[in-house]
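K.L.:
So that we are looking at the same thing, I have put the structure below in structure tokens.
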Amino acid sequence: MTNEEVLNLFIPFVDFLGAVLGENTEVVLHNVACPEHSVVAIQHGFHSGRKVGSSLTDFAFHVKNSKEYEKNDYLVNYRAQAKGKEFTASTFYIKNHGQLIGMLCLNTNTSAVHDFVEITNKFIQTLHIGAPGLNINSVPEENNSIQENLDTPIVSLAKSTIAKTIADSNIPPERMTRKEKIEIVWELADQGIHRMKGAISEIARQLKLSESTVYRYISLKNEKND
């Protein structure tokens, strides 16, 4: 089966899960081959403001390029945020012959639960009975080490990642040597940033290089790896 045929099999599941889980859970199907327009099906997208044609999130892009999907078939119960709301998120990695081709994501709005815990704790404190407060973050099944921004466009992610990588070098671009700029370009290439639409021109702008020079530096990396 082609990648598109495999992904099409999951589209009915988006509608099914949306109906079963209800409006409190956003259900999203991504095609990772199109990071800038990865969403191919979605239910209850009002939670994050996304729709068909929206982009990958920062977390999804990281999973794709770090190849974490090779170790596991899914990741469950990690934190996500969108429009000031808290979510518990889970992602199933869709593969075709071992290659990641898509992601099926469930994002359950837990803001009401957090509000309930906060109100309950305040009530307990007024009783002066020494009872321990509730702590939603202590739930052992929740993966607290991961947080995803559901409403961060991938274009913004590219710009911020490029800026952070340059800033982490502690050297202003106008003072960098050729070798130091090559290292920055290679580091960004390792993260897959250069594959994003418009990323090459953004790298060139922030590093004060021409686009052709950025392409040449990436070619040098590819030659080194061959």
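The values are calculated or read from the model by the stated rules, or taken from the named source; none is laboratory data. Only a predicted model underlies this, so the values are computations on that prediction, with no experimental measurement involved. As a convention, Cβ positions derive from the backbone with ideal geometry for all residues, glycine included, and neighbour counts pool all protein chains shown. Protein only, heavy atoms only, side chains kept; ligands, DNA and RNA dropped before computing areas. Shrake-Rupley method; radii C 1.70, N 1.55, O 1.52, S 1.80 Å.
K.L.:
When residues of the stretch 56-68 are filtered for being open to solvent by less than 20 Å² (accessible area, probe 1.4 Å) and either of a type outside the set (A, V, I, L, M, F, W, C) or part of a loop (DSSP other than H, G, I, E, B) (or both), how many remain?
P.N.:
Final tally of qualifying residues: 2.
K.L.:
Would you confirm whether any residue within the stretch 165-176 is buried (at least 16 other Cβ atoms within 10 Å of the Cβ) and in contact (Cβ under 8 Å) with a residue 40 or more places away in the chain?
P.N.:
Yes - at least one qualifying residue is present in the stretch 165-176.
K.L.:
If I filter the stretch 61-70 for residues that are aliphatic (A, V, I, L, M) and either farther than 15 Å from Asn149 by Cβ or more than 16 Å from the chain's Cα centre (by Cα) (or both), do I get at least one hit?
P.N.:
Looking for residues that are aliphatic (A, V, I, L, M) and either farther than 15 Å from Asn149 by Cβ or more than 16 Å from the chain's Cα centre (by Cα) (or both), one finds none in the stretch 61-70, hence no.
K.L.:
Of Ile11, Ile42, which residue is in a helix (DSSP H, G or I) and touching a strand residue (DSSP E or B) at 6+ places or on another chain (Cβ under 6 Å)?
P.N.:
The unique qualifying residue is Ile11.
K.L.:
Hey, Asn77 hits all of (1) open to solvent by 30 Å² or more (accessible area, probe 1.4 Å); (2) in contact with a helix residue (DSSP H, G or I) (Cβ under 9 Å, 6 or more places away or on another chain) but one; which does it fall short on?
P.N.:
So the condition that Asn77 fails would be (2).
K.L.:
Okay, moving on. Of everything in the stretch 35-47 that's open to solvent by less than 20 Å² (accessible area, probe 1.4 Å) and within 16 Å of Leu17 (Cβ to Cβ), which residue is modelled with the highest pLDDT?
P.N.:
Ala41
K.L.:
Could you tell me whether Ala158 is in a helix (DSSP H, G or I), modelled with pLDDT under 90 and either touching a strand residue (DSSP E or B) at 6+ places or on another chain (Cβ under 7 Å) or within 30 Å of Lys83 (Cβ to Cβ) (or both)?
P.N.:
yes
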